[in-house]
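The structure under discussion appears below in the form of structure tokens.
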Amino acid sequence: MPKNFLLEVETLKKKTLYLSAIVEETFQKTMKAFQERDEATAKAIIEADYEIDTLEVDLEEECLKVLALHQPVASDLRYITSIIKINSELERIGDLACNICKCLLRMAKLPRIDPVPEIELMAERSKIMFRQSLDALMRMDTVLAYKIFSDDEEVDRGKRIVYELVKERIKKNPDDLEAYLNILSVSRFLERIADHATNIAEDVVYMLEGEIVRHKVEGSTASKQHKNNQ
């Protein structure tokens, strides 16, 4: 491939890592705001979501331009198509962080409820998975990518625990129904963030090995959707 192609691919990589850093910071701020009931930070995160959306559109357009101009093949083609998919996963994680902030703002208007510890555990596991998926991308490390697949089940299990706990609490305190419904929404958003982290890991494997593993990974989004459709 010509030198200008390599330079353009390097630019794509830098833009992807920049977007990754912003989304990761957004997610971390979101969970800190949720734990501290920080409405001001939650509002700021929601208002700043346009920046992630703008970066996502810009990166996709750059990828499509490189594909059209250079018509890469083999590993180069896999790399760029994987970047397009990872770009989309990052944007969705940003959206889910905003959704959690919206739950926080709704809950701030309601009477306080007892904390649900499993939510914090889900958040911590999701953050670790997301961080590892980005590390796998930066290091081009398939060993780390494969590790993430097995970690996703912990988040799924956490969601089930939250559901059972919330169900029992609603029976005892029906007046807190709205607050606990928001807690259930947060658990669902965290599970989906973990799913997107898993998808990024799958994209890294495809990028480096040329193997599509999403239907082979038990915890992948595609695998879950397939089970739901059976």
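Based on this model, can you work out whether residue 89 counts as among the charged types (D, E, K, R), crowded, with 21+ Cβ neighbours inside 10 Å and within 23 Å of residue 194 (Cα to Cα)? Walk me through how you get there before you give the answer.
On the way: among the charged types (D, E, K, R): yes; crowded, with 21+ Cβ neighbours inside 10 Å: yes; within 23 Å of residue 194 (Cα to Cα): yes.
The answer is yes for residue 89.
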Residue match in region 197-219 (condition: assigned to a helix (DSSP H, G or I), within 17 Å of the chain's Cα centre (by Cα) and within 30 Å of residue 112 (Cα to Cα)): no
Of residues in region 177-204 being free of Cβ contacts under 8 Å to residues at least 60 places away in the same chain and crowded, with 23+ Cβ neighbours inside 10 Å, the one nearest to residue 159 (Cα to Cα): 195
Test for residue 122: is it under 16 Å from the mean Cα position of the chain (by Cα) and either under 30 Å from residue 205 (Cβ atoms) or surrounded by 16 or more Cβ atoms within 10 Å (Cβ to Cβ) (or both): yes
Residue under evaluation residue 48, criteria (1) over 19 Å from the mean Cα position of the chain (by Cα); (2) on the phi < 0 side of the Ramachandran plot; (3) free of Cβ contacts under 8 Å to residues at least 24 places away in the same chain, criterion not met: (1)
Qualifying residues in region 146-170 (those that are among the acidic types (Asp, Glu) and without any contact (Cβ under 8 Å) to a residue 24 or more places away in the chain) - the one nearest to residue 117 (Cα to Cα): 164
Number of positions in region 1-50 that are farther than 20 Å from residue 133 by Cα and touching a Ser or Thr at 6+ places or on another chain (Cβ under 9 Å): 7
Of the criteria (1) surrounded by fewer than 19 Cβ atoms within 10 Å (Cβ to Cβ); (2) touching a helix residue (DSSP H, G or I) at 6+ places or on another chain (Cβ under 9 Å), which one residue 152 fails: (1)
Residue 30 vs. criteria in contact (Cβ under 8 Å) with a residue 24 or more places away in the chain, under 16 Å from residue 137 (Cβ atoms), buried (at least 18 other Cβ atoms within 10 Å of the Cβ) and not aliphatic (A, V, I, L, M): no
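All of the numbers you see were taken from the coordinates with simple rules; none came from a lab. Please read these numbers as outputs of a predicted model, since none were measured by experiment. All Cβ positions, glycine included, derive from the backbone under ideal geometry; neighbour counts span all protein chains shown.
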